[in-house]
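The values are calculated or read from the model by the stated rules, or taken from the named source; none is laboratory data. The model shown is predicted, which means the values in this text are computed figures rather than measured ones. Note that we place each Cβ from the backbone using ideal geometry, even for glycine, and neighbour counts take in every protein chain shown.
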Amino acid sequence: MFRFTPWLVWAAAFAAMFALDGRLDVANLALILVLGAAVAAFWLPTLLSVPACAAAVLAFNWAFVPPRHSFNVDVGQHAWLLVTMLAVSASISLLVGRQKTMTRREERHVRQVEQLRALGDALREGDDPLQRADVLHQALQALTGAPVALLMLRQALPAADEV
């Protein structure tokens, strides 16, 4: 399920560009698009954000770069502007996506540390490890996310291998 927020950000960026068209040159309008890409990247997954940036650059070329309403680019500066816009917008999307991944990974590590701490506390509370087998079972299942089986000995192992 997609939220409308990133698409509203893109719409607001294009509305601002159309409102400021004629008052700002093409390079300054491009900065609004890059800002829109950066803000929208907070909500969009990377696999959608990068193509959205490419589509936005194409729409920008169509609407604002002379000759307007075509994908032709007459001046070399405009070609560099479009390439740079795409590169910066896509880079921001990729960086935000990487940051989201790292944040999720960090949150998972924090949960695992808390689970291990709780397990350690629970195991220290009992004198007999067999009494805490249920706590160990639940903790291992939560940490692995899969069913686990415990094999616990009721008696100590012999001191030496018996032949």
Test: residue in the range 97-110 that is closer than 30 Å to Ala52 by Cβ, surrounded by 13 or more Cβ atoms within 10 Å (Cβ to Cβ) and at pLDDT 90 or above: yes
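Being in contact (Cβ under 8 Å) with a residue 40 or more places away in the chain and assigned by TED's automatic domain parsing to the domain that holds Asp25 narrows it down to one residue among Ala79, Ala87, Ala54, Ala59; which is it? Spell out the reasoning first.
On the way: Ala79 fails: in contact (Cβ under 8 Å) with a residue 40 or more places away in the chain; Ala87 fails: in contact (Cβ under 8 Å) with a residue 40 or more places away in the chain; Ala54 fails: in contact (Cβ under 8 Å) with a residue 40 or more places away in the chain.
That would be Ala59, the only listed residue that is in contact (Cβ under 8 Å) with a residue 40 or more places away in the chain and assigned by TED's automatic domain parsing to the domain that holds Asp25.
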Checking Leu157 against (1) loosely packed, with under 11 Cβ neighbours inside 10 Å; (2) in a helix (DSSP H, G or I), the condition it does not meet: (2)
Residue identified as part of a helix (DSSP H, G or I), surrounded by 12 or more Cβ atoms within 10 Å (Cβ to Cβ) and in contact with a Pro (Cβ under 9 Å, 6 or more places away or on another chain) among Leu119, Leu94, Leu86, Leu123: Leu123
